[in-house]
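Everything on this sheet refers to the single structure shown next.
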């Protein structure tokens, strides 16, 4: 027994001025300042847990306020009793009737639950001196199931089915762990095609991404179909030309075999960020058929499982698949998307659902449905976290990374103590025993970008900003 | 042109100590203090708009904080331009990309949108010197459609279909208005069967409700099946006995004809407040079959349209229907419930979805699907508001109130300037030209029950409360 208790916590409204550089713009989300509603949970020892959820600026203060209310409930709890049953801890977090009324399990209160839950998983991994992915992959199937939230999902998967699924993968875990450490986890880049970028910038970034080893590219669409078609054809003209490939290129044979891949093995996807109604989505995607997208991401409202099923059915003859999940607000949304066979690609987010306990549910349900998991990433801190999730999926759940790709956006990693690292277009597996869930930010970054009193935002308020150059922000 | 602008607003965290009396307890929601996150929107004239959303206590402050953020966006707007196109105003409210990220259109940020939207509808009705129901029923079909939010719903209903549906009802509107004013709108009572009540109290309240003219009763279930069966049989034994009927009883012939009605024409429903998984709901309701419930309300997670469809199919042979909606967070959730034929009774709430614009969408979709609308009510202020919604449904949309019943709970009405009024178990139609959306609270009530600084809560903090008697709260 550690004797450690949760003594207190601090909440930080951290906002990075990504709006200055035009990064992160899409058909729905203009003027984004990538932000973290960030929590540090303290104990009566040196042990701490860092957690966060992600927003795009204004409103981050509402989430921070909600985190304070949720975190109050765990002060005084013993960490041994929490860590002994993380499933029960999650049930505790989501079961306060008065807070539950504000969701239930959706929106601001669930984002706050995610931040607190993530902090405790970070703490548990650090306490066990393992990266989070390793902590969970070392669970027995029984421990894994106990850490998973099955509530409201037993009509699709029972704990017994989950146990059988995990036991069937148990034998190959060691080999897969070695494989992913050796090869890294496959990634795709969204950095080439934000809506705010000029054609010239898209061209330059596509060449740069090829040189970095990427074979899979995503384009933001939805403002104008003909414009999107032109930009898509621009990217395709570069990524389909063997002359543009780097000399030492290592292409995954599975990518080349993909029917959506071009002659060089490169794959393109498109992302509409929920701008369409269902009939509109279908019509718009017919226009984009010539650029052969692997999938359309977020074609309509993220809650609409029935709508996604309609879209998927209509686009199937065109060879275009459907992906969603970054705004799917809880496991019940994913359950329905899977029950209705409404999507091909399950895009979990590390902060939108209520933490690892709910993510494990979604990984298990996706595996049962035979759907691949490609987490939503980017933003701030998301790559750091989702890297753990994809590795867990590969080693312990699906056992496969043939077609999976984890989103990568080259933003803001310099603010993290354990930033992600990329090699040949793949994520390097984090191995530091003190990295936890990799969510810890440098105190200097928190201090500088705390809104509205950090040095950066004070300078803005005083008329001395925003100037990205002066503040160590990368320019693309 | 009025020349009026929105100048400022005030937000009030008003909490009534219903926990003292044990009212409002169910299988999910214990210890409820019925609360209003309440907003007053001011103009540069005497005109004001009152709006609110409902919570059950702790967390009300988070919603109030969010209302402040949403309401900031409308300061300075001209009321003429808002009232000229309430549909466009709603799109403005839900389209701030940074606030949208916190939902989208769900949870705290959508509850805040509801409060602000409700306040503007209240203001518009007062400006036109009509109760809200009358304002909307006097709309032309074109004005009605323009005030409705169709976004993400056009795969189920288009504006053109809605227009045709409304035009078909246009001719009978005047007669129906006269009818509902003459007869009132049918109601049911939930006051008899909260989970916290003793059998003796249930017995007494059932007799009292019969004497008040009620024929339709709801029982809270979900803690223990055998206990619920006993309580249900207790209520049935009273309401099925002709000897217990009041002498001057007027029973609606349609109620008597209902196959779920007992020999006296009385109907019983049950409400589980989301406590079950799907398979559990089905098994539990088999136990309750002997009490012949008309419907089971909220059998499982409110987001789970697929789950409700499974439950409905399984319970159909037992003659038990399915109802949900008080926690259905937006029109897309209702759309799916209707597309999957997952429910029989559509239970809209006046504060959970984002205001009248979204409620009109749901009324139109329910009419298209041929499902009846029985709003969720009770809480604080909900009866006052939903009364308008049911009347709109009857006069302008469905044209029917044969089987509809609007929930009634006899709580906290004394705090409202235009409280609901009941006669012979039916809602009296509000006719005061200054009642707006009937949501205005007495300043004294707001002041006394503001949390934590109002007189009541200060007394509690000083150890002099909670004593319901001393504070004018009704005891049942």
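Quick note: the coordinates plus some simple rules give every number you see, no bench work behind them. These numbers come from a predicted model, not from an experiment. Glycine gets a Cβ as well: all are built from the backbone with ideal geometry, and neighbour counts include every protein chain shown.
For this structure, a couple of remarks:
- Of all chain A C-beta atoms, the nearest to the rotation axis linking A with B is recorded, alongside its rounded Å distance, as A:107, 1.
- Euclidean distance between Cα centres, the range A:59-90 to the range A:308-361, Å: 27
- Ranked by the mean number of other Cβ atoms within 10 Å per residue, highest first, peptides A:444-451, B:362-369 order as B:362-369, A:444-451.
- Highest-first arrangement of B:216-225, A:338-347, where packing means the average Cβ count within 10 Å: B:216-225, A:338-347
- Counting Cβ atoms of other protein chains within 10 Å of each Cβ in A:151-159 and taking the mean gives 5.
- Counting every other Cβ atom within 10 Å of each residue's Cβ, A:7, A:154, B:361 order from fewest to most as A:7, A:154, B:361.
- Two-site FRET efficiency, residue B:428 against residue A:47, from Cβ-Cβ distance with R₀ of 56 Å, rounded to 0.05: 0.35
- With the gyration tensor restricted to C-alpha atoms of the range B:173-427, the semi-axes of the equivalent ellipsoid amount to 25, 24, 17 Å, longest first.
- Mean Cα-pair separation over length for chain B, i.e. relative contact order, pairs under 8 Å, 6 or more apart, %: 19
- In the calculated pair-distance distribution of the range A:176-303, the portion above 17 angstrom amounts to 58 percent of the Cα-Cα pairs.
- The value for chain A of Rg(Cα) / (2.2 N^0.38 Å) is 0.93.
- When only Cα pairs below 8 angstrom with a gap of at least 6 residues are kept, the range A:173-427 shows a relative contact order of 21 percent.
- Isotropically averaged projected area of the protein assembly as shown, using the convex hull of Cα atoms (one quarter of hull area), nm²: 38.4
- Estimated from helical segments only, the mean residue ellipticity of chain A at 222 nm is -12000 deg cm²/dmol, where each DSSP H run of four or more residues counts as -39500 (n - 2.57).
- Fewest-first ordering of B:427, A:284 by other beta carbons within 10 Å of each residue's beta carbon gives A:284, B:427.
- Taken residue by residue and averaged, Cβ atoms of other chains lying within 10 Å of the Cβ of A:296-303 number 4.
- Placing dummy labels 7 Å off each Cα toward the beta-carbon, the span from residue B:211 to residue A:247 is 9.8 nm.
- One Cα centroid belongs to the range B:184-211, the other to the range A:286-304; the line between them spans 52 Å.
- Three-way shape label, the range A:145-240, alpha-carbon gyration tensor, a/c 1.5: oblate
- Fewest neighbouring Cβ atoms within 10 Å first, the residues A:1, A:285, A:245 line up as A:1, A:245, A:285.
- Label-to-label distance, nm, for residues given as residue B:95 and residue B:68 (7 Å Cα→Cβ offset): 2.8
- Here each label is just a point 7 Å from Cα along the line to Cβ, and for residue A:170 and residue B:181 those points are 7.5 nm apart.
- Expressed per residue, the C-alpha convex hull volume of the range A:73-163 stands at 108 Å³.
- Shielding by partners for peptide A:327-338, expressed as the average number of C-beta atoms from other protein chains within 10 Å of each residue's C-beta, is 4.
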